[in-house]
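The values are calculated or read from the model by the stated rules, or taken from the named source; none is laboratory data. Model, not experiment: these values are computed from the prediction. Here the Cβ positions follow ideal geometry from the backbone for every residue, glycine too, while neighbour counts run over all protein chains shown. Heavy atoms of the whole protein, side chains included, go into the accessibility calculation; ligands, DNA and RNA do not. Shrake-Rupley method; radii C 1.70, N 1.55, O 1.52, S 1.80 Å.
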Amino acid sequence: MRRAVLKEAAKRFPWLANVTLYGCLFAGGDLVHQLIAQKERIDWRHTRNVAIVAISFHGNFNYFWLRALERRFPGKCPGMVFRKLLLDQSFASPLATSVFYTGVSYLEGKEDIFEDWREKFFNTWKTGLMYWPFMQFLNFVLMPLYMRTAFMGCCAFLWATFLCFSRQSGDGTAGVALFLCFILGCTDYRFSHYPLRHRDDGT
């Protein structure tokens, strides 16, 4: 029932449904990053900044970009899919990565909004080439056009977790992604094998 409602909403209000879902999932990736990092308090301001960038640019850009690609290279034959993947990774991916680093830095009031971009852009883009081509291949082949931005949002949930972790604690390399997976695995193990105990003060 819920799935049918979401599908109908995406058909009737494709822009609103896709962009909103994309932004919420992207912001959710930042929350997961903060939980994995075991911060004492959630930095809601940072999550807000990530959500603003995701909704104002990433969600809207991807919504119209994917439609432009489909108009220019319609269909799912191998040649058309390859052209869409090539353009997506050579133009859209670098642009989206650049806007993330500079946009969040701008909203945080940094004096040099290009500092993170200079230090981490190229590594992040290379890491993305190990993730996004496979996700976008599934997107172009399996998903109808009206659901493609929403599907990207689901993929971006994991990607945003990596981006936020890399921006605050890493350098954008694949090693950061592997380290993030290692931390997540250790966290799951710790909570499954050593449940929380009450302290002596009763809390």
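Within the stretch 41-50, is there a residue that is at pLDDT below 90, assigned to a loop (DSSP other than H, G, I, E, B) and surrounded by fewer than 13 Cβ atoms within 10 Å (Cβ to Cβ)?
Yes, because at least one residue in the stretch 41-50 is at pLDDT below 90, assigned to a loop (DSSP other than H, G, I, E, B) and surrounded by fewer than 13 Cβ atoms within 10 Å (Cβ to Cβ).
Applying the selection to the stretch 51-68, what residues are without any contact (Cβ under 8 Å) to a residue 60 or more places away in the chain and open to solvent by less than 70 Å² (accessible area, probe 1.4 Å)?
ALA51, VAL53, PHE57, ASN60, PHE61, TRP65, ALA68 - these are the residues of the stretch 51-68 that are without any contact (Cβ under 8 Å) to a residue 60 or more places away in the chain and open to solvent by less than 70 Å² (accessible area, probe 1.4 Å).
In the stretch 69-89, how many are aromatic (Phe, Trp, Tyr), more than 24 Å from LYS11 (Cβ to Cβ) and open to solvent by less than 70 Å² (accessible area, probe 1.4 Å)?
0
List the pairs whose first member sits in the stretch 14-36 and is among the β-branched types (Val, Ile, Thr), whose second member is surrounded by fewer than 18 Cβ atoms within 10 Å (Cβ to Cβ) and at pLDDT below 90, and whose Cβ atoms are under 7 Å apart, counting only residues at least 6 apart or on separate chains?
Between residues of the stretch 14-36 that are among the β-branched types (Val, Ile, Thr) and residues that are surrounded by fewer than 18 Cβ atoms within 10 Å (Cβ to Cβ) and at pLDDT below 90, the close pairs are ILE36/ILE183; ILE36/LEU184; ILE36/THR187.
Have a look at LYS110, LYS126, LYS120 and point out the one that is free of Cβ contacts under 8 Å to residues at least 24 places away in the same chain and either open to solvent by 40 Å² or more (accessible area, probe 1.4 Å) or in a helix (DSSP H, G or I) (or both).
LYS110
For the structure I just gave you, tell me whether VAL32 is touching a Cys at 6+ places or on another chain (Cβ under 9 Å), among the β-branched types (Val, Ile, Thr), in a helix (DSSP H, G or I) and modelled with pLDDT under 90.
Yes; evaluated as a whole, the condition is true for this residue.
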